[in-house]
Amino acid sequence: MPKFIDTDGSQQELPIDMSHYRAAAEKNISLRQLVNSKYPTASEKSDTFTQLCASEGLFFAGDKATGVKIPTLKSIFEPGSSFDAAGAVTSDVSPPGSRYLFPAAVLEYVESKLKVDRTTNVMAFNALLAMDYSVANSRIDQPVIDFGKRGGPEDTSSQSRGQLAGPVSMVSITTSERAYRIPNEAIGLEVSNEALQYTTLDLVGMAITRQAEVQEAARVNAWMSEMLNGNVDDAYNSALTSVTAKSYDSAITTAGTLTQKAWVKYLYDGIATRRVDWVICNLDTALAIETRTGRPTITGDDPNSDRLDAKFKVEFPQLTTNVKMYISEDIPAGTVVGIDSRYAISRVTNSLASVSDVEQFIMRQGKGFFFQRGQMVYKPFGNEPFHVMTLTV
């Protein structure tokens, strides 16, 4: 029976069953969040969920000093034996607590490992996210943010507010007209009876984490293209419009080339509402940016020599000193996708398998199971934080 230490310091038993998974699903939270909030603990070293897992032998790290070994799948899948009043050996017909906790424990392990993912493009993509959060549901209502009319002749945002009058400028946050389904990717695993006693819990966690990493790396590439071209199934994730480099500098006469003037004016354009700090492009376009005509170079001028001079320092606009670059071959040649990473992209993750899937795994006698993990990205502020330039003439 799973156990934990309550707020009074007493050990309590908590018979985890499917009702806890259903309650968590109704509240749109994970099993861990449910038990931690409903059954608080006095322990400063671990939360309630971790204590419940540990009491059932569900832990992913051993201790050589004390001889504690990581449990095998055999100890989780196969209930232990007990003795009745007559001394006869009986088998526990109900699933053990470890089997109920196992799906949630592995998912928590995978999520924790993916937070420090070592896959290069995933790490870079994580760095440019404005928001990154998880839900315990496969469907979400996407927030829609509306600032009203700004910058045009009907812009009223700068008008003063009269006495007893309501605000002139209003920001509205609503939900989209329909709920969106987070695409799920199932990761299956089969273990033979012979391998049960040799397959440890940490090996299962590492295997599923690695597969999730590979899937997420491929998914990031698709997201890059979707950010630029839009998603036909999502009216609030529309394609981005673009400007040409030549529109910033008429001296550009060859496609695929860039000048310092066009580059600076591109970063300056729209500075009042966005500050481009990341650009996404393919390798050839990155080289064109690097070798742009008129790029400033350091000279050998001696700053200590006598001169009559008046230096200046630009206080506004403060363009990003070192614009970060994400090179992706999913972006067409000659296209630069600039973003203000503070507001541009949000990612939502569904890291909870459905209740029916968990129940089927717990009650079945087989040794095969699967986990579902889904993600989607969207533009919380629409296309405003994006700025696309093409090196065309």
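What follows is calculated from the coordinates using simple rules that are stated; it is not laboratory data. Note that this is a predicted model, so its numbers are computed, not measured. Counting neighbours? That spans all protein chains shown, and the Cβs are built from the backbone with ideal geometry, glycine included.
For the reader, a short list of remarks on this structure follows.
- Relative contact order of the stretch 1-55, defined on C-alpha pairs under 8 angstrom at six or more residues apart (%): 44 percent
- Local electrostatic count at M224 - Lys and Arg +1, Asp and Glu -1, tallied over other residues with Cβ under 15 Å: 0
- Per-peptide packing, taken as the mean over residues of other Cβ atoms within 10 Å, places 271-282, 210-221 in the sequence 271-282, 210-221 from highest down.
- Among the listed pairs K45/K324; K113/K379; K27/K64; K3/K64, those beyond 29 Å (Cα-Cα): K45/K324; K27/K64
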